[in-house]
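The values are calculated or read from the model by the stated rules, or taken from the named source; none is laboratory data. What you are looking at is a predicted structure, and each value in this text was computed from that prediction instead of being measured. Here the Cβ positions follow ideal geometry from the backbone for every residue, glycine too, while neighbour counts run over all protein chains shown. With ligands, DNA and RNA removed, areas are computed over all heavy atoms of the protein, side chains included. Shrake-Rupley method; radii C 1.70, N 1.55, O 1.52, S 1.80 Å.
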Amino acid sequence: MTETRNGQVIFRSSREVTVLIGEERLSCELRGNLRRHGSNAVVVGDHVVISPDGPGRGCVEEILPRGTSLSRRRESGRGRELVIAANVHQVIAVFAARQPKPKFGALDRLLVASESSELEMLIVLNKCDLGISEEIAEELGVYEEIGYRVIRTSQVTGEGLEELKASMRGRASVVSGPSGVGKSSLIGPIVGIDLRVGEVSKANEKGRHTTTAVTWYPMPCGGAVLDTPGFRDYALWQLEPGELAECFRELRPFLGQCRFNDCLHREEPGCPIREAGESGGIDPRRYFSYLGILDSILEQRPSRGR
């Protein structure tokens, strides 16, 4: 009987995966049944059982149960899920204090994706040595008031770097952020590698799509970083319209108080969430962000809309 070993997937291409066992990396093919189940069958972060097949080679025999996962909707096709990563602990959103200006609508969508996946969320504002405008400071204050942790960082002054490293130690963190915010140069030293080199190498390899490729980088201090090249709005997967409000922390205290049990908190009378959003009882921008995300969910499920 062939001896099997347990490891963790740290990269996947179209036909094979890289599996980490201790400090050894093996290139492993997927059994035919796993390939037939599509890209969601094996994803970065999965714990797998492999059978060795020569030096540095193996074959994935089994996928062990996932503890957590982060998904989004595929760009092509309706109603198809793309699992981004498995067995992660938190999502870190990195934005810049100046250019490019933070897009808080994109942050809200990422927060919803994290909340619906029951993952912790950390917001990082980088390049703070350039100064933080009053507008950005007020926006960040809104997130801190509803319970999100915000770390302000600067590679120039060293501000927040140790706090960020401590928050990542011993945890698997999905890092996401738009181009130009200094994500790779901020996270790279913590991991101990140049992430920008990794992005270039992935772009040059055939069969690997850098827009969806995710790589698992073990950290010297324990834990791992999952680098997600590029930045896109998360089209939420399998989130029902009536479930969205639960993913907005400041709306939760109002849930169950609406006149209608199926209230979507838009136009319905007797809705305390709508009233609070219109009166300023909750942050108006966040409420309008809720409405925008709700519209996108209803568009994906036209037959289920009201």
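Quick notes on this one:
- Selection within the stretch 185-229 - surrounded by fewer than 18 Cβ atoms within 10 Å (Cβ to Cβ), among the polar types (S, T, N, Q) and at pLDDT below 85: SER201, ASN204, THR210, THR211, THR212
- Top-ranked residue in the stretch 125-171 [being in contact with a Ser or Thr (Cβ under 9 Å, 6 or more places away or on another chain) and part of a strand (DSSP E or B); ranked as surrounded by the fewest Cβ atoms within 10 Å (Cβ to Cβ)]: ARG149
- GLY182 being more than 24 Å from ILE293 (Cα to Cα), of a type outside the set (Val, Ile, Thr) and under 22 Å from the mean Cα position of the chain (by Cα): yes
- Within the stretch 272-293, the residues that satisfy the criterion of being buried (at least 19 other Cβ atoms within 10 Å of the Cβ) and under 25 Å from GLN238 (Cα atoms) are ILE273, ARG274, ARG286, TYR287, SER289, TYR290, ILE293.
- Scope the stretch 142-163; condition aliphatic (A, V, I, L, M) and touching a residue at least 40 places away in the same chain (Cβ under 8 Å); matching residues: VAL142, ILE146
- For LEU111, the requirement of being in contact with a Pro (Cβ under 8 Å, 6 or more places away or on another chain), within 27 Å of THR68 (Cα to Cα) and either among the polar types (S, T, N, Q) or open to solvent by less than 40 Å² (accessible area, probe 1.4 Å) (or both) is not met.
- Tabulated pairs, the stretch 16-32, first closer than 21 Å to GLY223 by Cβ and among the small types (Gly, Ala, Ser), second assigned to a strand (DSSP E or B) and at pLDDT 95 or above, C-beta under 9 angstrom, 6+ apart or interchain: GLY22/GLY7
- For VAL175, the conditions (1) under 26 Å from PHE248 (Cα atoms); (2) modelled with pLDDT of 95 or more; (3) of a type outside the set (Asp, Glu) are fulfilled apart from (2).
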